[in-house]
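Nothing in this text is a laboratory measurement; each read-out follows from the coordinates by a stated rule. None of the values given here were measured: they were computed from a predicted structure. Note: ideal-geometry Cβ built from the backbone for every residue, glycine included; neighbour counts use all protein chains shown.
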Amino acid sequence: IMSTCKNKVLTLVFVLRPGEVLLGYKKRGFAQGWWNGFGGKVEAGETIEEGAKRELHEESGLSVSNELDHVGVLMFEFVNDPVLLEVHVYRTYSYTGTPIETEEMKPQWFKHQDIPYKDMWPDDKLWYSLMLNGKYFNGNFKFEGLTNLLEYEINEITK
Ligand SMILES: Cc1cc(-c2ccco2)c2oc(N)nc2c1
């Protein structure tokens, strides 16, 4: 039966420098043991972009003063779970600070060819090339559990 389609809004930030991307190893909680961008929930009273900057700083120690580039929206459905996850993906080349390990995350720079896809969300290998190459995109993914990607579609968009 149809549920109230209340999406849960999450953020995901990728910090880039020439030829490399900063990823964080999740030390606990949701998706523990995988590498990912930095992000999480959006709190009441903040915009999605403000939430993205807050989570980046909390999880990596990095600050971003000017704007993040909003590069995509990924929708995730889990079988038998009515809550859709709406993940807003951001990129930036400009940041201040040095990445620091926190209780949540261990940050590390990766050359594009060394990105550890086997230790990441299964969807990542499908859209990272778009994100790393400055493309804009939307994606829809249907998971059964955390590792079984049943269906997906990804569309590059012109902003
Ligand atoms: C279902 C899902 C969620 C996230 C997520 C959590 C917090 C921010 O994003 C993902 O991130 C990636 N790369 N795949 C993901 C799948």
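Looking at the range 33-53, which of the residues that are more than 9 Å from the ligand (Cβ to nearest atom), under 14 Å from the mean Cα position of the chain (by Cα) and not hydrophobic (A, V, I, L, M, F, W, C) is nearest to S94 (Cα to Cα)?
K53
All but one of (1) under 17 Å from the mean Cα position of the chain (by Cα); (2) of a type outside the set (S, T, N, Q); (3) over 24 Å from Y25 (Cβ atoms) hold for I157, so report the exception by its number.
Only one criterion in (1) under 17 Å from the mean Cα position of the chain (by Cα); (2) of a type outside the set (S, T, N, Q); (3) over 24 Å from Y25 (Cβ atoms) is unmet by I157, namely (1).
Okay, residues lined up against (1) over 28 Å from L149 (Cα atoms); (2) among the β-branched types (V, I, T); (3) touching a strand residue (DSSP E or B) at 6+ places or on another chain (Cβ under 6 Å):
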residue	(1), (2), (3)
G24	no, no, yes
Q32	no, no, yes
T47	yes, yes, no
G51	no, no, yes
S60	yes, no, yes
S63	yes, no, yes
L68	yes, no, yes
V73	no, yes, yes
F76	no, no, yes
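Among the aromatic types (F, W, Y), within 13 Å of the ligand (Cβ to nearest atom) and without any contact (Cβ under 8 Å) to a residue 24 or more places away in the chain: does that describe F30?
yes
Could you list, in sequence order, all residues of the range 106-147 that are within 15 Å of the ligand (Cβ to nearest atom), farther than 16 Å from V21 by Cα and either among the hydroxyl-bearing types (S, T, Y) or without any contact (Cβ under 8 Å) to a residue 12 or more places away in the chain (or both)?
Correct list: K118, T147.
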